[in-house]
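Peer 1: Take a look at this one; I'll ask things after.
The values are calculated or read from the model by the stated rules, or taken from the named source; none is laboratory data. Just so you know, these numbers come straight off a predicted model, no measurement behind them. Backbone-built Cβ (ideal geometry, glycine too); neighbour counts: all protein chains shown. Accessible surface is based on the protein model in full, side chains and every heavy atom, while ligands, DNA and RNA are left aside. Shrake-Rupley method; radii C 1.70, N 1.55, O 1.52, S 1.80 Å.
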Amino acid sequence: VQLQASGGGLVQAGASLRLSCAASEQIFSAYSVGWFRQAPGKEREFVTGINYSGMNTYTADSVKGRFTISRDNAKNSVYLQMNSLRPEDTAIYFCAAKLYGSGNERGSDRYSNWGQGTEVTVSS
């Protein structure tokens, strides 16, 4: 499955953004999806994940309460709603998919399908 992430941009601290991850195939509903981010000079880190149905979500402590993942399988899409953005949220955000995954795969090596990334910059 091919993925395309979009929705990034430059915002001020405290603002919101909604990222989208669009998949190329209807079989997308069989995939769990994770959002990862990579800041300059840092390793890629897990942000949040969702299982195939959308019933189960998992979120890193660093964004819990501010970021929400959701999906619409009818549209082959997963979304990341980011509220109360902070300068430390600045990174390139990637979506990744794993066939029959749980959504709680937090290592980037667990995913074989990746989008191209969308850049989020939060100014103070």
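Peer 1: Can you name every residue in segment 6-28 that is hydrophobic (A, V, I, L, M, F, W, C), open to solvent by 70 Å² or more (accessible area, probe 1.4 Å) and closer than 12 Å to residue 113 by Cβ?
Peer 2: 27
Here is a yes/no grid of residues against (1) farther than 21 Å from residue 1 by Cα; (2) touching an Asp or Glu at 6+ places or on another chain (Cβ under 8 Å):
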| residue | (1), (2) |
| --- | --- |
| 45 | yes, no |
| 48 | no, no |
| 61 | yes, no |
| 69 | no, no |
| 77 | no, no |
| 98 | no, yes |
| 105 | no, no |
| 115 | no, no |
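Peer 1: For segment 51-100, how many residues are assigned to a loop (DSSP other than H, G, I, E, B), of a type in the set (Val, Ile, Thr) and either within 11 Å of residue 28 (Cα to Cα) or open to solvent by less than 20 Å² (accessible area, probe 1.4 Å) (or both)?
Peer 2: Number of matching residues: 1.
Peer 1: Got at least one residue in segment 29-42 being at pLDDT 95 or above, open to solvent by 70 Å² or more (accessible area, probe 1.4 Å) and in a strand (DSSP E or B)?
Peer 2: No, segment 29-42 contains no residue that is at pLDDT 95 or above, open to solvent by 70 Å² or more (accessible area, probe 1.4 Å) and in a strand (DSSP E or B).
Peer 1: Also: Can you confirm whether residue 48 is open to solvent by 20 Å² or more (accessible area, probe 1.4 Å) and in contact with a Phe, Trp or Tyr (Cβ under 9 Å, 6 or more places away or on another chain)?
Peer 2: Here the answer is no, as residue 48 does not meet what is asked.
Peer 1: A further question follows. What tally of residues in segment 1-17 results from selecting those that are touching a Phe, Trp or Tyr at 6+ places or on another chain (Cβ under 8 Å) and either assigned to a strand (DSSP E or B) or of a type in the set (S, T, N, Q) (or both)?
Peer 2: Count: 2.
Peer 1: In this structure, does residue 20 turn out to be over 30 Å from residue 124 (Cα atoms), assigned to a strand (DSSP E or B) and in contact (Cβ under 8 Å) with a residue 24 or more places away in the chain?
Peer 2: Considered against the rule, which asks whether it is over 30 Å from residue 124 (Cα atoms), assigned to a strand (DSSP E or B) and in contact (Cβ under 8 Å) with a residue 24 or more places away in the chain, residue 20 comes out as no.
Peer 1: In addition: Anything in segment 71-91 that is in contact with a strand residue (DSSP E or B) (Cβ under 7 Å, 6 or more places away or on another chain) and in contact (Cβ under 8 Å) with a residue 60 or more places away in the chain? List them, or say none. Reasoning before the result, please.
Peer 2: At the first step, the residues of segment 71-91 found to be in contact with a strand residue (DSSP E or B) (Cβ under 7 Å, 6 or more places away or on another chain) are 71, 76-82, 85-87, 89-91.
Passing the criteria: 79, 80, 81, 82, 85, 86, 87.
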